[in-house]
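Quick notes on the structure that follows.
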Protein chains: 2
Amino acid sequence: MNIIAPARNKIPDSANNMQIINDLRDMQNLSLNWERDKSVGFVPTMGYLHAGHLSLVAKSNLQCDLTVVSIFVNPAQFGPQEDLNTYPRDFEHDLNLLQQYKVDYVFFPSAEMMYPAGYLTWVEVDKLSSVLCGASRPGHFRGVATVIAKLVNLVKPNYMFMGEKDYQQCIVLETMLRDLNFPTEIVRCPIIREPDGLAMSSRNKYLNSDERQKALCLSQALKLAQTLIKEGEKETSVLQKKMSALITQAEGRIDYIAFVDRDTLQPVNAVTDKTRILLAVYIGKTRLIDNCAAV
Amino acid sequence: MNIIAPARNKIPDSANNMQIINDLRDMQNLSLNWERDKSVGFVPTMGYLHAGHLSLVAKSNLQCDLTVVSIFVNPAQFGPQEDLNTYPRDFEHDLNLLQQYKVDYVFFPSAEMMYPAGYLTWVEVDKLSSVLCGASRPGHFRGVATVIAKLVNLVKPNYMFMGEKDYQQCIVLETMLRDLNFPTEIVRCPIIREPDGLAMSSRNKYLNSDERQKALCLSQALKLAQTLIKEGEKETSVLQKKMSALITQAEGRIDYIAFVDRDTLQPVNAVTDKTRILLAVYIGKTRLIDNCAAV
């Protein structure tokens, strides 16, 4: 596991007063009174933190005066057949890590507070939400856009740190924040990988040792495409076929392999320097995603 | 016309420095720096101001340290067959009135700035948006909820002043602000009426003198219902029939007459102290609305 050194280690450990906030009103009152001359960084997570999350925390620590991390397994972004109930959780371990990283505030609301009885409001980002992962997971990005609108209103950060592992999520949320005129900017951070290339994900926990090996096919397929592109292949249908063969050989079940414009997520036939490669693959019952710039 | 005395007339006229803001970034920068100890009141309007709007401005002036009025004919809340292009506009006249009322800021953005090319994000309030006016005007409350989410993010008011003339709009927006955790509270203000009872509306301008007379049937039907209720009639089907007869006699074409729970907007069979009466009626080609508490 890539260990990223916690930043901001000027303050001695004993002075670390990380506060845990459960109540929405407490979070609201706190953020309404953020000091104007201090920048606030926000890392929204679903917990079960790994080095990917921690890289976002480290980035926020470096760039901002205050860092808020939320831990909330958002029911609204899970489909009825999905893994809401089995999604891994370990709050104690998460808190421990965040304390080491000298996070200022951990926001840990309950689902009942976030979606009380009579909850009715949804934020939808057209077009971008219905392709790729949105095609396989109807309602997923509606749930993501809605919870982030809520969290941004509660935390009022200047910057929100998000990993490119969830590339489509970055695009959807950048669009949502810009369209609705939220004064919060997303800082996209690179994917953090295991030494063998597997992109960090809380869902990697679902993999048994055989599947863990097979799961390498995602990053390998991306690498293969990048190599072929460097060698001159630009036709995405050709590249897709070769990636597909590699994945199928590893017994991965392909949800999608897509070559898209990096901003609009519209499919492209020929690779350019604006092309992003994205894929979703089932390894056993576990659905994994990964992506990279084509060039 | 009911003339409401402008409040806050401590400052002499010459010191009135009402600022007009066109640019979204200017509005954002201004509101990011609102002084913490000053309360900000916001009156969103589509312009062509009448005594109804001005009563909201007066209320904001009384209750808040700063008042922002927006003038924006929001294309997103008009259906393709509706009156977006003919909706009355008179910016000079509006400014004059707002200056008299010593408004601090007038926010007057363009549609191109509010909905630039590539705009994709919509805020939907389920259930409440699809009944009553929402049934006749599909997409209307989606447009309303979206533009208010945007305006609230740009203006960051403590209080938003809204007239009960648009009763369903009040309910939809209160739900939206609460669900999405916006730190802005709606202050509902009573309907302002012409001396003969017609509820103030920019669309009253569409009425010719014959229609202007017929338009009284809306407030008269509400009065009739209130009288019958006072006399002991609680069955809404009976009340509806009598209101309907009155309106039809005045050559009004009924869109709906509804007796609903004042919070959920669900229809009720018997009147209680939580019942609201709402109606929408076409007078000629002009669709008018009105409402009142049943008791």
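The values are calculated or read from the model by the stated rules, or taken from the named source; none is laboratory data. All values reported here derive from a predicted model rather than from experimental measurement. Glycine also receives a Cβ, built like all others from the backbone with ideal geometry; neighbour counts cover every protein chain displayed. These accessible areas exclude ligands, DNA and RNA; they are computed on the full protein's heavy atoms, side chains included. Shrake-Rupley method; radii C 1.70, N 1.55, O 1.52, S 1.80 Å.
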* **Exclusive hit being touching a residue at least 40 places away in the same chain (Cβ under 8 Å), open to solvent by 50 Å² or more (accessible area, probe 1.4 Å) and over 16 Å from residue B:165 (Cβ atoms), set B:208, B:269** => B:208
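Being among the polar types (S, T, N, Q) and more than 21 Å from the chain's Cα centre (by Cα) is the filter; apply it to the stretch A:100-131 and report the residue that is nearest to the other protein chains (Cβ to nearest Cβ).
Across the stretch A:100-131, the extreme among qualifying residues is A:121.
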* Within the stretch B:138-149, is there a residue that is assigned to a helix (DSSP H, G or I), touching a Phe, Trp or Tyr at 6+ places or on another chain (Cβ under 7 Å) and of a type in the set (Lys, Arg)? -> yes
* Scanning for something of a type outside the set (A, V, I, L, M), more than 18 Å from residue B:205 (Cα to Cα), out of contact with any helix residue (DSSP H, G or I) (no Cβ under 7 Å at 6 or more places or on another chain) and open to solvent by less than 10 Å² (accessible area, probe 1.4 Å), does the stretch B:49-60 turn up at least one residue? -> yes
* To do: State all residues of the stretch B:168-180 that are in contact (Cβ under 8 Å) with a residue 60 or more places away in the chain and more than 11 Å from chain A (Cβ to nearest Cβ); if no residue qualifies, say none.
  => B:168
* When only residues in the stretch B:66-93 that are over 29 Å from residue B:136 (Cβ atoms) and open to solvent by 80 Å² or more (accessible area, probe 1.4 Å) count, which is farthest from the chain's Cα centre (by Cα)? -> B:92
* Consider residue B:158 carefully, then state whether it is under 22 Å from residue B:21 (Cα atoms), modelled with pLDDT of 95 or more and more than 9 Å from every other protein chain (Cβ to nearest Cβ). => yes
* Those residues of the stretch B:149-167 which are of a type in the set (Lys, Arg) and open to solvent by 10 Å² or more (accessible area, probe 1.4 Å), in sequence order -> B:156, B:165
* **Among (1) away from chain A (no Cβ under 14 Å); (2) open to solvent by less than 20 Å² (accessible area, probe 1.4 Å), the one test that residue B:97 misses** => (2)
* Out of the stretch A:132-148, which residues are within 12 Å of chain B (Cβ to nearest Cβ) and either open to solvent by 40 Å² or more (accessible area, probe 1.4 Å) or within 21 Å of residue B:139 (Cα to Cα) (or both)? -> A:141, A:142, A:145, A:146
* Asked: Does the stretch A:228-237 contain any residue that is open to solvent by 10 Å² or more (accessible area, probe 1.4 Å), touching a helix residue (DSSP H, G or I) at 6+ places or on another chain (Cβ under 7 Å), of a type in the set (A, V, I, L, M, F, W, C) and within 14 Å of chain B (Cβ to nearest Cβ)?
  -> no
* Asked: Being more than 28 Å from residue A:293 (Cβ to Cβ), in a loop (DSSP other than H, G, I, E, B), within 14 Å of chain B (Cβ to nearest Cβ) and not basic (Lys, Arg), is that true of even one residue in the stretch A:181-197?
  -> yes
* So is residue B:212 away from chain A (no Cβ under 14 Å), under 15 Å from the mean Cα position of the chain (by Cα) and at pLDDT 95 or above or not? -> no
